[in-house]
Amino acid sequence: MSDVSIDAKYKKVANVLNKAGMVPYPVNDTLMDILKLTIKEDELDFIMAFRRKVSQTMEELKKSIKLSEEEILKKADSLAKNGVIFNQPNSQGVMVYRILPIMRQFEYIFMKELDNSEKTKKLAALNHKLHNEIGKSFQSNYDSFVSMMKNVPPMDRTVPVVKNKDGENIQINVNKDLEVPMEQIIPAQKIEEIIEKCDEIAVGHCFCRQQREVIGEPCKQVDYSFESCFTLGKSARHTSNHGFSRLVSKEEALEILKKCEEAGLVHKAYHLHSDTQKEEVAICNCCSCCCPNSRNVSFIPTNNATNFLAEINQELCIGCGTCVEKCHMGAIELNDDDKAERIEEYCIGCGVCAYFCPENAISLTSGKRIVNVIPARQN
């Protein structure tokens, strides 16, 4: 088969994978190079079997593609190990094969311990290049992208720190009058509640920090090898089965999460189908220098669901600037009186500022909100 025909097939496969995600990726040369590293040519026809239905049982797959059950299992396992297919039984115990969104292959591959292989180096460089290209496209269509993203469901949900560095409870105020642009009910308010209700928990490395390490931009908050990316339930079984993560006990998970808080990382919960009324499927612990959902690194608009807003007691504030330094979103600055002030539209209510405040001058006020994380317009 000619290179032209192969390229045409990869483009068709990219369009199939795009159907599995919320926001489609541009089908350009950089994306083609990424897919060629993670999907073999003899796997293309198998993925095309999902073009009409992104999730199928074994019996459905047999009808979609003329392969034996043994051949289907072999290809599905190979693609699952590259983050292209999710293969787990449904609630009735029936094995389901589901195509994953584009770039999940990058995320899963970089959850593993770095191996310094040429494939890893190429994937890191290509992902960085693709994000820059998408960022440029966003900037050239700034207003239309920003307007469109206001109608997109939140990508993640901030789960706040509820105790400060001394182990004391952070003050939480109830404010029913806070503007509520979101009608969904936010489930677990504490990271411990999420962990407690999960029977299976797996942890891997942060794919953002590992990718940044490979391209020569190491994290400023924690070492790239620090495990902090959790998958839960079926996702935990999937990632651990295919070597992306390792299963841990609830006790070890909580110990790791405590270390994340000590490092100033922000707890972010991810929900099934990005619906905060559904169960949590993952927990990220994000830094401000590598996470593309932080204002410092974002290249396209994203939405974050939160149930809290930081409040600063000006009388107690001594203007030390600790909260300014630690804020994940750059949402705090010192005013002319050298007192900390919070910028409401940027605050995701993570509680990191309250955790580190030496004067306990920061509390959290509850009230469901959506925070639009929008990159600055570039000239």
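The values are calculated or read from the model by the stated rules, or taken from the named source; none is laboratory data. Note that the structure is predicted; figures quoted are calculated from it, not measured. Virtual Cβ from ideal backbone geometry, glycine too; neighbours counted across all protein chains shown.
Just a yes or no: is a residue in the stretch 338-353 modelled with pLDDT of 95 or more, closer than 22 Å to Val159 by Cβ and of a type in the set (Lys, Arg)? Checked against the condition, which is being modelled with pLDDT of 95 or more, closer than 22 Å to Val159 by Cβ and of a type in the set (Lys, Arg), the stretch 338-353 yields at least one hit. Filtering the stretch 90-147 to residues that are free of Cβ contacts under 8 Å to residues at least 24 places away in the same chain and among the small types (Gly, Ala, Ser) leaves Ser91, Gly93, Ser117, Ser140, Ser144, Ser147.
How many of the residues making up the stretch 10-35 are more than 17 Å from Ile85 (Cβ to Cβ) and not aromatic (Phe, Trp, Tyr)? Write out each step before concluding.
Our first condition is that a residue be more than 17 Å from Ile85 (Cβ to Cβ); within the stretch 10-35, this holds for 11, 22-33.
Going one step further and asking which of them are not aromatic (Phe, Trp, Tyr), we end up with 11, 22-24, 26-33.
Residues that pass the stated criteria total 12.
In the stretch 285-309, what residues are under 24 Å from Val203 (Cβ atoms) and either out of contact with any Ser or Thr (no Cβ under 8 Å at 6 or more places or on another chain) or of a type in the set (A, V, I, L, M, F, W, C) (or both)?
Taking the stretch 285-309 as the starting set, the residues that turn out to be under 24 Å from Val203 (Cβ atoms) are 285-294, 297, 302, 304-306.
Within the stretch 285-309, Cys286, Cys287, Cys289, Cys290, Cys291, Val297, Thr302, Ala305 meet the criteria.
The set of residues in the stretch 340-379 being crowded, with 17+ Cβ neighbours inside 10 Å and among the basic types (Lys, Arg) consists of Arg342, Lys368, Arg369.
Let's see how each residue does on (1) part of a helix (DSSP H, G or I); (2) over 25 Å from Val281 (Cβ atoms):
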residue	(1), (2)
Ser78	yes, no
Gln88	no, no
Gln92	no, no
Lys119	yes, yes
Leu123	yes, no
Leu130	yes, no
Glu133	yes, yes
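Summed over the stretch 53-66, the residues that are in contact (Cβ under 8 Å) with a residue 12 or more places away in the chain and in a loop (DSSP other than H, G, I, E, B) give a count of 2.
Within the stretch 147-160, track down each residue that is surrounded by fewer than 18 Cβ atoms within 10 Å (Cβ to Cβ) and farther than 19 Å from Gly21 by Cα. Matches in the stretch 147-160: Ser147 only. The residue of the stretch 42-52 that is farthest from Phe110 (Cα to Cα), among those that are aliphatic (A, V, I, L, M) and touching a residue at least 24 places away in the same chain (Cβ under 8 Å), is Met48. The one condition from (1) within 24 Å of Asn151 (Cβ to Cβ); (2) under 23 Å from the mean Cα position of the chain (by Cα) that Ile343 does not meet is (2). Lys326 falls short on exactly one of the conditions (1) among the basic types (Lys, Arg); (2) closer than 23 Å to Lys150 by Cα; (3) in contact (Cβ under 8 Å) with a residue 24 or more places away in the chain, and that condition is (2). Take the conditions (1) closer than 27 Å to Lys136 by Cα; (2) within 27 Å of the chain's Cα centre (by Cα); Lys9 misses just one of them, which is (2).
Here is a check on your reading of the model: is Ile195 under 29 Å from Ile172 (Cβ atoms), in contact with a helix residue (DSSP H, G or I) (Cβ under 6 Å, 6 or more places away or on another chain) and buried (at least 18 other Cβ atoms within 10 Å of the Cβ)? Before the answer, list the steps.
Numbers: under 29 Å from Ile172 (Cβ atoms): yes; in contact with a helix residue (DSSP H, G or I) (Cβ under 6 Å, 6 or more places away or on another chain): yes; buried (at least 18 other Cβ atoms within 10 Å of the Cβ): yes.
In short, yes.
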